Structures are given as C-alpha cells and as structure tokens.
Amino acid sequence: MTFKNILTLLLIILVSNIAFGQNNYDKFIQAILKGDTILAQRISDESITTELIETKSLPIKNVPSHSFKISLDKLKDTITSLFNFENQYNNKYLNNIFYYYPSKEDEKERHKMFIDFQVETKTTALFGTNYYEKPNTSNDIYIHNFGTYWDSKLYFSKKKPLKYMTAFIIKLTKINDDSTKLFIEAEAPKVINGTIGLGAHGPIARETAVEPTTIEEYSILLFIADKLGDKSLIPLKLPTDK
C-alpha cells in the first residue's frame, strides 16, 4: 500500500463519525455496483459537509525561536539524534499537544494515542524532498509524522477540537562559531472540517489550510531545549476559552 493510500485511509477513519449516515455510504456503494454513476454522484454530493472553523483566543503567541551556545553543525547533529522513539515516548512537552483518539467513542485518557516524529535532513530527505529543493535549506531539519492528524488546541468546531496536521521545519542560523539561532516553523498546517463527498472506502476528508498556531512549534522547541539541558525558556502559552 502506498503512502498516499495509507494517508487516505487515515483521513477516512478520522472523519468517519462526522454527521452523515452510514446508509448514505451503503446507497453510494450499491449505486456504484449497479453502474448508476449519476445516482452515486448525487448521493456523494448530498454527503458533503462543512464545519465552521472556530478559533480560540491566544492573545500572546508563542515565539518558537531560541539561541543555543552550540555550534551549528553540532546542534544539527544533536537535534537529529533526539527524535527517536525513546526520547519522545511519554515526553511531557510533546504528549500534552500531539495526541488523538481513535474515535469519538474512545475519548478517554486510556485510549489517547500519542504521535512521534521522524527527522530528515537534506541528505536523507524522503517526505521533505520538495522542501529541500528550495534555496538556503541545507542546514534545516525537516520533521513529520507520516501525515497523522492530532486534536488542535486552537481550532474548534461546535466546541470540539478539529483535527490538525503539519510538518515542521527547524531552521538553524549561525551566530558565531559557538552559537546558533534556532527557529521552528509549520510547513503547511491544515485542519479537517467536514467532508467533500464519498469514496470507495468511505467519506473523503475536507482539508482546509489554516494559520500556524505557534503552540506546536514552541512545544517542539521546549522538547529540544529540555533534552539539551537548557531551562531558560518560558512556559508554553495556550488558548483561553474567552
């Protein structure tokens, strides 16, 4: 199975409980099997949904940037080595942000699924290949989670968190021989806020581009700083309900 197919199936699972009946899907499949593409298209169109994206208040955004008293090459190698399963498992900075529940019926602490990230550089890029085709990216680190969505802390609909996903870029800039500035940016954040119809395996997710939150970026920075023994960063700022 290709990565694209895996991602599609994942999106289907994530939106399978969005408001439309299983009966619609059954009717859609029956129409397809009978060769009635006009009816199948009509049923698919009737299953289109769009959820209003609501944004919680985050008056002061996090600043995902910090200077480390470490040379650029050493910092790059160190950060690359940090993103393994052992370091990420049960990490308080990552686990408080990067998680999801398998279904709406399983929204209990014991069912919480945590996300871990994979790291790439220009010489090892696979999912970040297109990014490294851009100029001035050779010192950057690309991290991703194979397209898994997590529950957003900022974007909601009907008081429920929307599914949010993005890859991240860790940008390193040399200050001098012994110091490096680090900045983390979200590559192309998006949320699932409905469906765009039905497909062979179920509802097809509606993906909508949104602005970066700074929450995820700063959480990754806190993870890195903690592993490097740097305790100088201020706590993470989270949205309010106002």
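The values are calculated or read from the model by the stated rules, or taken from the named source; none is laboratory data. All values reported here derive from a predicted model rather than from experimental measurement. Virtual Cβ from ideal backbone geometry, glycine too; neighbours counted across all protein chains shown.
Quick look at the values:
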quantity	calculated
Which numbered condition Ser138 misses (of (1) in a strand (DSSP E or B); (2) out of contact with any strand residue (DSSP E or B) (no Cβ under 7 Å at 6 or more places or on another chain); (3) among the small types (Gly, Ala, Ser))	(1)
Criterion: at pLDDT below 80 and of a type in the set (D, E, K, R) - qualifying residue of Glu107, Glu51, Glu86	Glu107
Residue in the stretch 147-165 that is more than 30 Å from Leu233 (Cβ to Cβ), in a strand (DSSP E or B) and touching a residue at least 40 places away in the same chain (Cβ under 8 Å) present	yes
Filter result (surrounded by fewer than 20 Cβ atoms within 10 Å (Cβ to Cβ), over 16 Å from the mean Cα position of the chain (by Cα), over 15 Å from Lys61 (Cα atoms) and of a type in the set (A, V, I, L, M, F, W, C)) within the stretch 205-237	Ala225, Leu228
Subset of the stretch 33-63 [surrounded by 13 or more Cβ atoms within 10 Å (Cβ to Cβ) and over 30 Å from Ile170 (Cα atoms)]	Asp36, Leu39, Ala40, Gln41, Arg42, Ile43, Ser44, Glu46, Ser47, Ile48, Thr49, Glu51
Residues satisfying the stated conditions in the stretch 110-127, i.e. under 18 Å from the mean Cα position of the chain (by Cα) and at pLDDT 95 or above	Phe117, Gln118, Val119, Glu120
Filter result for Phe127 (buried (at least 16 other Cβ atoms within 10 Å of the Cβ) and assigned to a strand (DSSP E or B))	no
Matching entry among Ser81, Ser67 (being assigned to a strand (DSSP E or B), closer than 30 Å to Asp151 by Cα and either without any contact (Cβ under 8 Å) to a residue 40 or more places away in the chain or in contact with a strand residue (DSSP E or B) (Cβ under 8 Å, 6 or more places away or on another chain) (or both))	Ser67
Qualifying residue in the stretch 14-23 (condition: modelled with pLDDT under 50, crowded, with 16+ Cβ neighbours inside 10 Å, among the aliphatic types (A, V, I, L, M) and part of a helix (DSSP H, G or I))	yes
Qualifying residue in the stretch 118-126 (condition: touching a helix residue (DSSP H, G or I) at 6+ places or on another chain (Cβ under 6 Å) and in contact (Cβ under 8 Å) with a residue 40 or more places away in the chain)	yes
Number of positions in the stretch 193-242 that are in a helix (DSSP H, G or I) and more than 22 Å from Lys159 (Cα to Cα)	11
Residue list for the stretch 74-93, filter: among the charged types (D, E, K, R) and crowded, with 18+ Cβ neighbours inside 10 Å	Lys76
Hits in the stretch 64-73 (condition: within 15 Å of Ala225 (Cβ to Cβ) and exposed (fewer than 15 other Cβ atoms within 10 Å of the Cβ))	Ser67, Lys69
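This table checks each residue for (1) crowded, with 16+ Cβ neighbours inside 10 Å; (2) over 23 Å from Phe114 (Cβ atoms); (3) touching an Asp or Glu at 6+ places or on another chain (Cβ under 6 Å).
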| position | (1), (2), (3) |
| --- | --- |
| Glu133 | no, yes, no |
| Lys153 | yes, no, no |
| Lys163 | yes, no, no |
| Ala167 | yes, no, yes |
| Ile170 | yes, no, no |
| Ile175 | no, yes, no |
| Thr180 | yes, yes, no |
